[in-house]
Structures are given as structure tokens and as C-alpha cells.
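Q: Input: one structure, supplied below.
The values are calculated or read from the model by the stated rules, or taken from the named source; none is laboratory data. Just so it is clear, the model here is predicted, and its values are computed rather than measured. Neighbour counts are summed over all protein chains in view; Cβ atoms, including those assigned to glycine, are modelled from backbone coordinates with ideal geometry. The protein model used for the area step is the full one, side chains on, heavy atoms only, and it has no ligands, DNA or RNA in it. Shrake-Rupley method; radii C 1.70, N 1.55, O 1.52, S 1.80 Å.
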Amino acid sequence: MEMYCLVAVMLLLLCGVTRSKPYDGPFGLKKGLTLAKLKKFDPNIEKIKEGVYQMRVVPTPHKSFVSYAVVVSPKTGLCKISCASKEIFCNSYGTQLKAEHESIRDALERRYGSYDEMDCLFSGSIWNQPEDFMKSLLLEERTLSSFWDLEAEVSSALSSFLDTWEYPPTNNGILNIYMETQANDIASAFIILNYEFDNFTEFAEQQKEKEDSAF
């Protein structure tokens with residue numbers, strides 16, 4: 001009897017380890033996870049609004065990020081991840097922010113391939129000197145962001161597949177990745193990194209229908 005109980009406890013522990021094992025997606029998560037499964041990683045997951053929850057604990061954290069917002073569809077599960085970095089203290093040139101953006105961008109490029117980048121000052125801004133970087137960012141007259149269109153990447157890989165018979169990458173159902181910089185003030189900023197899965201569009205459309213139904 002004691003041996004049976006011991007085996008049963010060991011099996012339960014093994015099951016718990018299996019359930020909490022990270023997935024091969026961003027931060028150890030993956031498309032389609034239900035709220036119940038996300039709670040296994042962070043029992044204190046907090047609801048922000050309908051379909052949107054904040055996590056402080058993820059299976060595979062990154063040292064640069066401290067907060068993770070997840071969008072969970074009742075029908076298709078996890079469909080978007082949006083995470084915020086630690087506060088980055090900068091000089092007026094934004095040197096430290098640019099360096100952190102570049103470091104994360106390069107890591108993403110190694111995994112997901114080529115990207116588009118927007119690093120520009122909007123036309124008409126008076127904050128047009130190098131030392132005005134943080135001021136223009138704070139006033140939203142400048143943008144520094146990077147974007148990965150993985151749907152296009154898969155389409156391109158599919159074309160190659162037809163020619164070379166090499167199976168195209170799936171990228172765990174990620175449709176696109178968007179990284180942007182935002183200023184708190186002229187001396188500090190943070191980075192927002194968004195992963196949008198291919199089941200997000202359906203959720204967004206359903207939410208819009210609910211909002212429009214108020215008219």
C-alpha cells in the first residue's frame with residue numbers, strides 16, 4: 001500500500017513537471033494556450049480587461065523584460081504577447097536605448113530573419129539635432145522600431161520549397177513581430193516587444209464587432 005502511494009505521488013510530480021515544461025515559442029509560451037494553462041506558469045496572472053491578462057512569470061524569461069501582457073481568445077487561446085522592458089536610463093542622444101534596441105533586434109534577426117526598421121524624425125520637428133533624440137521621442141515626433149513580417153517570410157519559403165523541396169519554417173504560428181521604443185521622459189525609456197499569432201485577427205474582429213454593437 002505504501003509502495004502504491006509512493007508511485008502515485010511520483011507520477012503526479014512527473015505530470016506536474018511535464019505540464020510546466022517551456023514550449024518552443026516566445027518566452028516558453030505558444031499559440032493557443034488556454035488561460036488555465038497559462039495559470040500553471042503564473043498562478044497570479046491578472047486580468048487587465050476582457051481577453052487581456054498580465055503575467056509576471058513566464059516559462060523562459062529574458063533579463064531585459066519585466067512584464068508580459070497576453071491576449072487570450074476564449075475560442076482559440078493565446079493569440080498575442082506584448083512585453084515591456086526594464087526602464088532604460090539614457091543620455092539626451094538615446095545612446096543606451098539605441099544599444100538595447102540593437103541588441104534585442106539582432107537576437108530576433110538571428111531567429112526570425114530579416115526585418116524592416118524605421119528610425120526617423122517626423123517632418124517639421126524642431127528637435128532635429130543628435131542631442132534631441134530623447135526629446136523628440138518623448139514628444140512622439142520620432143520613431144525607432146523594427147518589424148518582422150513572418151507571413152511574407154513563410155510565403156517566400158514556400159516558393160523556395162516548390163523549387164528545392166525544403167520544408168518551409170512555421171515560426172510557431174507567429175504572424176508578425178513588432179518592437180518599438182517609448183520614452184518616459186528625456187532621461188529614461190523602455191522597449192515594447194509584440195508577438196502576434198495567426199489567430200489574433202479573428203479575436204480582434206470579434207472584439208470590434210462587440211464594440212460596434214453599442215452603436
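Q: For region 38-71, which positions are in a strand (DSSP E or B) and open to solvent by 10 Å² or more (accessible area, probe 1.4 Å)? Spell out how you get there, then give the answer.
A: Narrowing region 38-71 to residues in a strand (DSSP E or B): 46-49, 52-55, 65-71.
Selection gives E46, K47, I48, K49, V52, Y53, Q54, F65, V66, S67, A69, V71.
Q: Please state which of the following conditions E100 fails to meet, knowing it meets all the rest: (1) part of a loop (DSSP other than H, G, I, E, B); (2) of a type outside the set (S, T, N, Q); (3) buried (at least 17 other Cβ atoms within 10 Å of the Cβ).
A: Among (1) part of a loop (DSSP other than H, G, I, E, B); (2) of a type outside the set (S, T, N, Q); (3) buried (at least 17 other Cβ atoms within 10 Å of the Cβ), E100 violates only (1).
Q: Being more than 19 Å from A189 (Cβ to Cβ) and outside any helix (DSSP H, G or I) is the filter; apply it to region 103-119 and report the residue that is least open to solvent (accessible area, probe 1.4 Å).
A: The extreme case among them is G113.
Q: Would you be able to tell me the number of residues in region 175-189 that are in a strand (DSSP E or B) and open to solvent by 40 Å² or more (accessible area, probe 1.4 Å)? Reasoning before the result, please.
A: Keep residues of region 175-189 that are in a strand (DSSP E or B), which gives 175-185, 188-189.
Next, only the ones that are open to solvent by 40 Å² or more (accessible area, probe 1.4 Å) stay: 178, 180, 182, 184-185.
Here the count works out to 5.
Q: Hey, could you check region 120-134 for residues that are in contact (Cβ under 8 Å) with a residue 24 or more places away in the chain and open to solvent by 70 Å² or more (accessible area, probe 1.4 Å) and say which is nearest to N171 (Cα to Cα)?
A: Just the residues of region 120-134 that are in contact (Cβ under 8 Å) with a residue 24 or more places away in the chain, to begin with: 130-134.
Okay, now just the ones that are also open to solvent by 70 Å² or more (accessible area, probe 1.4 Å), so 130-131.
Working: P130: 37, E131: 39 Å.
Applying the filter and picking the extreme gives P130.
Q: Condition test on A84, is it under 14 Å from the mean Cα position of the chain (by Cα), outside any loop (DSSP other than H, G, I, E, B) and surrounded by 13 or more Cβ atoms within 10 Å (Cβ to Cβ)?
A: Values: under 14 Å from the mean Cα position of the chain (by Cα): yes; outside any loop (DSSP other than H, G, I, E, B): yes; surrounded by 13 or more Cβ atoms within 10 Å (Cβ to Cβ): yes.
Yes; evaluated as a whole, the condition is true for this residue.
Q: Right, another one. Can you name the condition, by its number, that K75 falls short on among (1) assigned to a helix (DSSP H, G or I); (2) over 19 Å from Y178 (Cβ atoms); (3) open to solvent by 10 Å² or more (accessible area, probe 1.4 Å)?
A: Among (1) assigned to a helix (DSSP H, G or I); (2) over 19 Å from Y178 (Cβ atoms); (3) open to solvent by 10 Å² or more (accessible area, probe 1.4 Å), the lone unmet condition for K75 is (1).
Q: Shifting gears a bit: If you scan region 88-97, which residues turn out to be part of a loop (DSSP other than H, G, I, E, B), out of contact with any Phe, Trp or Tyr (no Cβ under 6 Å at 6 or more places or on another chain) and surrounded by fewer than 22 Cβ atoms within 10 Å (Cβ to Cβ)?
A: The first filter runs over region 88-97 and keeps only residues part of a loop (DSSP other than H, G, I, E, B), leaving 90-94.
Checking which are out of contact with any Phe, Trp or Tyr (no Cβ under 6 Å at 6 or more places or on another chain) leaves us with 90-92.
Those that are part of a loop (DSSP other than H, G, I, E, B), out of contact with any Phe, Trp or Tyr (no Cβ under 6 Å at 6 or more places or on another chain) and surrounded by fewer than 22 Cβ atoms within 10 Å (Cβ to Cβ): N91, S92.
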